[in-house]
Every structure is written in C-alpha cells, then in structure tokens.
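Here's the structure we're looking at; comments come further down.
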Amino acid sequence: MINIKASLFDSTTDDTTVVCDLLRASTTITVALHNFACVIPVNTADEAFEIKESLGSVTLAGEDDLNNIPGFDLSNSPTGILKIKDKDVLVLKTSNGTKVLEGIKKRDPDIKVLIGTSINAKSVAAKALELCDHEIELIMAGRRHIFNIEDAIGVGLIMEEIKKQAKAQNISIHMEESAKAVYLLAEDHKRAVDLIRHSDASVRLNKRDFHDDLILASQINICSNVGIYDNKEIYNINNKWEE
C-alpha cells in the first residue's frame, strides 16, 4: 500500500516527493531539460554569479518579483528558456522553489525529490510510482509559505495521474484527505485551467506581459521531462540514470 499526501512548502516524508511551483519555476525547469544538461536552482543573484564565475559558460535565468535581474541572460520564463538551444548548465534563481528543494534535502538527503507540474503530470506520476517505497508526498511550493490555487491544482493533476496509473498497474494506494482535496480541485480539467489562468499570480504575470508563459504553464501533459534534484542540481531523470 502506497500512501499519498499533499503538503504546503515543508516536507514530512522519508520516501519520495514531487515539488510543484507551477507559476513558474517547475514549468521553467521542466522545459529547460529539453535543451540543458542540468539546472542549478539558487536563491540569490549573488549565488548565480558565483556559479558562473566558477563554471564559466552557463546561462543565468531568474527574476526578482517579476523584474529582470541586471547581468542575467533571461527572466524566469519557460517560453524564453525554450528558445535557448544545446546548452550545458542553466542557473535559475527562484523566489520560492529553491527554498523548498533545499529544505527537503537538508532534513533528509536520501529523500527522492522530483519536479512536477501540470505539463508533465503524467510522466512525473509514473516516475514517483516507480521510485517510491511506501509513500509519495506532493508538495505545493506556495508563495512565501502561503497557499496558492495554481500549485494545488498542479499537485491535484499529478494525484489524478497517480490514481489512474496505480489502478492500471494494480498498485494499492491510500489517499490522505489532503490528497483527496487537491484531486477533487483538479479533476475538472476545464475548470482547473480556468482557475490557474485567473489566479492572483496569473493576474500579476499578465500585467507584466508574461501571457505566453501563463498559457504554456497551464497546459496539461504536454511534456515527458522529469527533473530529479540531487547534489543541488536538477537533471532529467532518464538521462541521469543512463549515464
């Protein structure tokens, strides 16, 4: 029996987690794995510049409250990232997502940490089921430790896929009430997309002309990339395991 639960920001499991920061870090990371060998998430611009000085040729992406950062190549834009081809390392400054990832690994370095969102819900659900021993924790990154609707829908879409795939594979699961709640929130896909596109974060993105990012981030199951976070870097799990 595999236990499934949903949590906000902080992790409590000792098994497998899926972190969702739908608008936009998880979406940016997921699409970046098309063209970058790895993504290094950081909390500050200074950290990003230090990595660039150390490694040399890297691409810097990120934003500060939706504002561009001087000296960076790109903002935290998934559509912008898709235009960059055949690069080795993307250093990504996030507002909240990096803190979640670091917090999980600080508590227990052996926890498996996957990056999930609406665009890779099916693929990340499959990997979570494959990797877990007894529990999957779906973590909503939130905004400054506060609940937001888009991350809840993101983990709800992943929960839907876990339930569907577990049934197909005859895997017994137990959904805690937190997992049931996000599942119910996301099961009507049309309503789920509408809620994402009218969330507070979406309003802020639209005001800053990031409409294309919003459209991309609110699509469902259009990408098979699955990032895994380990040793402070994120790789496409398939590529990493083939090495």
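The values are calculated or read from the model by the stated rules, or taken from the named source; none is laboratory data. Quantities reported herein were computed from a predicted structural model and do not represent experimental measurements. Glycine gets a Cβ as well: all are built from the backbone with ideal geometry, and neighbour counts include every protein chain shown. Protein only, heavy atoms only, side chains kept; ligands, DNA and RNA dropped before computing areas. Shrake-Rupley method; radii C 1.70, N 1.55, O 1.52, S 1.80 Å.
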Item to check | Phi to ³J(HN,Hα) by Karplus 6.51 cos²θ - 1.76 cosθ + 1.60 over the stretch 111-117, Hz, x for Gly, Pro | outcome: 5, 7, 10, 9, 9, x, 6
Next on the checklist: Is the C-alpha gyration tensor of the stretch 66-127 telling us rounded, prolate or oblate? Criteria: a/c under 1.5 is rounded; beyond that, a/b larger than b/c is prolate, otherwise oblate.
Outcome noted: oblate
Item to check | Theoretical FRET efficiency, 1/(1+(r/R0)^6), r = Cβ-Cβ of GLU130 and GLN219, R0 22 Å, to 0.05 | outcome: 0.40
Next on the checklist: Students sometimes get this wrong: rank GLU187, GLU47 by accessible area, probe 1.4 Å, all chains present, largest first.
Outcome noted: GLU187, GLU47
Next on the checklist: Please compute the per residue accessible area over the chain with all protein chains in place, 1.4 Å probe, rounded to a whole number of Å².
Outcome noted: 46
Item to check | Percent accessible area from carbon and sulfur atoms, the chain, protein chains only, probe 1.4 Å | outcome: 48
Item to check | Other-chain or far-sequence residues with amide H under 5 Å of LYS232's (modelled H) | outcome: none
Item to check | Whole-Hz couplings from phi, Karplus 6.51/-1.76/1.60, listed for the stretch 179-184; x for Gly and Pro | outcome: 5, 4, 5, 5, 4, 5
Next on the checklist: Along its three principal axes, how long is the stretch 122-171 when you only count alpha carbons? Whole Å, largest extent first please.
Outcome noted: 37, 18, 14
Checklist outcome for this item: Sorted by chain and then number, the residues having a modelled amide H within less than 5 Å of the amide H of VAL42, at least 5 places away or on another chain, are LEU92, LYS93, THR94
Checklist entry - Which part of the stretch 69-108 falls in the paramagnetic zone of SER57, meaning amide N under 16 Å from the point 7 Å along Cα-to-beta-carbon? => result 84-91
Checklist entry - Tell me, what ³J(HN,Hα) does each residue in the stretch 155-168 have, in order and in whole Hz, if you take phi through Karplus 6.51 cos²θ - 1.76 cosθ + 1.60 with θ = phi - 60° and put x for Gly and Pro? => result 6, x, 5, 5, 4, 4, 5, 4, 4, 5, 6, 4, 4, 5
Checklist entry - If you average the sequence gap of Cα pairs under 8 Å that are 6 or more apart and divide by the length of the chain, what percent do you get for the contact order? => result 33
Checklist outcome for this item: Sorted on mean Cβ neighbours within 10 Å (highest first), peptides 204-215, 120-131 come out as 120-131, 204-215
Checklist entry - Thinking of the chain as a set of Cα atoms, what percent of all their pairs are more than 25 Å apart? => result 35
Item to check | Check: the chain dipole with +1 on Lys, Arg Cβ and -1 on Asp, Glu Cβ, in debye | outcome: 580
Checklist outcome for this item: Rounded to one decimal in nm, the spacing of the 7 Å Cα→Cβ label points at LEU82 and ALA37 is 2.5
Checklist entry - What does the charge dipole of the stretch 120-166 about its Cα centre add up to, to the nearest 20 debye, if the Cβ of each Lys and Arg holds +1 and the Cβ of each Asp and Glu holds -1? => result 180
Item to check | 18 Å tail of the calculated P(r), the stretch 129-243, as % of Cα pairs | outcome: 60
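Please report, in cubic angstrom per residue, the volume enclosed by the convex hull of the alpha-carbon atoms of the stretch 94-133.
Per residue, the Cα convex hull of the stretch 94-133 comes to 63 Å³.
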Checklist entry - Can you give the Kirkwood hydrodynamic radius for the stretch 33-155, in Å, rounded to one decimal and based on Cα pairs? => result 15.8
Checklist entry - Amide H neighbours of VAL18 under 5 Å, counting only residues 5+ apart in sequence or on other chains, H built in-plane at 1.01 Å? => result LEU114, GLU137, LEU138, ILE139
